[in-house]
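Visitor: To start, I am sharing the structure in question, which I have written as structure tokens.
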Amino acid sequence: NVDTFLKKFKIKYCQFYRRAKNTKHGKEKCLCGRSPHEHLYPIGTSRRPSEQIVHLQTNAYGKIEFTNQVHGFRPAEYVRLADDTKMEDVTILLRDIWKLTENKQPPDVILSVGGGVKEYRPNKILEEKFHAALNDAAENNNVWLLTSGVHVGVSRNVGEAMFESVFEAWACRDRSKKSQRLKCIGVAPWGYIADCDKLINDDNGPNSMKAKEYSVNRDIKRGQPTSLDPYHTHFLLVDDGTRGKYGAEIRFRAEVEASLAKTLATEDGAAEIPTVYVVLEGGPPIFESVTERLKREIPVIIIAGS
């Protein structure tokens, strides 16, 4: 049962307030980034630091219906899950629950794309070549794409390439194109997603699996949460118990990539599914992303001209 399995996932919740330094009067924030009233225990409650973050059953999963999405895309599957979720459960989710391995066929390649977010400024020629390369990979291989899943920077660029490939197949009525079956998985920080509360289920009944309407805010502001990209097919929304912060998803995504490369490969008799991390542009955080891949012996390609 899909609903039952998804309820196995946990989220992280900061249950008692600890005021962060340098917060202004009237705009007090906890160390987790939330305001005092968003906590179970009020200001002044004494608790050990180890009790601050607790695990609760996930309250956000199902499908996302992007309201400003172009025709031709199905609702995206998603789940909110803790950043310490077991990789075994993530594999079962992708393979058996979301059925990404069609006819038990694992991906030929796992292509993870990272780089610029709000610092992303590629030249037009580089951007066009990048789109062409992604489209070629989609049409000639069974590819799983992984990005940060947000509608900004390089992950938005990947989403646009997805749109171009799928729209071309739809316009030509060419259902043989592999691009229609391309999987584009966004691994995004729950606490840094704009309007993430709209993705929380109303209840745990049958309506919990009803598609949630979500509108992409294209007005991007530095230091503010960003919307999910409407042209991804699946989302793992990584929760470390904070709000207005990102970073925990970097290690988690690298673990997912390394785990899938080994776990899915054994089912096909191969030693390991080819996996590569491609970097296009990027600011200082990209060094951490690259380091996490190298720790796990995932090859890294930096695109010339970045």
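Visitor: By per-residue mean of other Cβ atoms within 10 Å, what is the highest-first order of 145-152, 253-260?
Guide: Details: 145-152: 25.6, 253-260: 22.1.
So the order, starting with the most tightly packed, is 145-152, 253-260.
Visitor: Can you tell me the convex hull volume per residue for the stretch 121-165, based on C-alpha atoms, in Å³ to the nearest whole number? Write down the numbers at each step before the final one.
Guide: On the way: hull volume 2.8 nm³, N = 45.
Roughly 63 Å³ of hull volume per residue.
Visitor: Follow-up question, since we're still on this one. Based on a Kirkwood Rh over C-alpha pairs, give the Stokes-Einstein translational diffusion coefficient of the stretch 230-306 at 20 °C and viscosity 1.002 mPa s in µm²/s. Present the calculation step by step, with values, prior to reporting the outcome.
Guide: Numbers: Rh = 14.2 Å.
For these conditions, the coefficient is 151 µm²/s.
Visitor: Please calculate how many Å² of accessible area the stretch 209-295 carries per residue, with a 1.4 Å probe and no DNA, RNA or ligand atoms counted. Write down the numbers at each step before the final one.
Guide: Numbers: 3880 Å² over 87 residues.
Heavy-atom SASA per residue in the stretch 209-295 reads 45 Å².
Visitor: While we're looking at this one, here's another question. Would you mind putting 59-65, 92-98 in packing order, based on average other-beta-carbon counts within 10 Å, highest first? Before the final figure, lay out each step's value.
Guide: On the way: 59-65: 19.3, 92-98: 17.4.
Going from most to least packed, we get 59-65, 92-98.
Visitor: If you take every residue apart from Val90 with its C-beta less than 12 Å away from the C-beta of Val90, what net charge results, scoring Lys and Arg +1 and Asp and Glu -1? Write out the running numbers ahead of the final one.
Guide: Values: positive: Lys8, Lys86, Arg95, Arg253; negative: Asp83, Asp84, Glu88, Asp89, Asp96, Glu255, Glu257.
With Lys, Arg at +1 and Asp, Glu at -1, the neighbours total -3.
Visitor: Step through the residues of the stretch 273-279 one at a time and calculate ³J(HN,Hα) from phi using the Karplus curve (6.51 cos²θ - 1.76 cosθ + 1.60, θ = phi - 60°), rounding each to whole Hz and writing x for Gly and Pro.
Guide: For the stretch 273-279, the Karplus-derived couplings read 6, x, 9, 9, 10, 9, 10 Hz, x marking Gly and Pro.
The values are calculated or read from the model by the stated rules, or taken from the named source; none is laboratory data. If you're wondering where the values come from, they're calculated on a predicted model, not measured in any experiment. Backbone-built Cβ (ideal geometry, glycine too); neighbour counts: all protein chains shown. Just the protein is used for accessible areas: all its heavy atoms, side chains included, with ligands, DNA and RNA removed. Shrake-Rupley method; radii C 1.70, N 1.55, O 1.52, S 1.80 Å.
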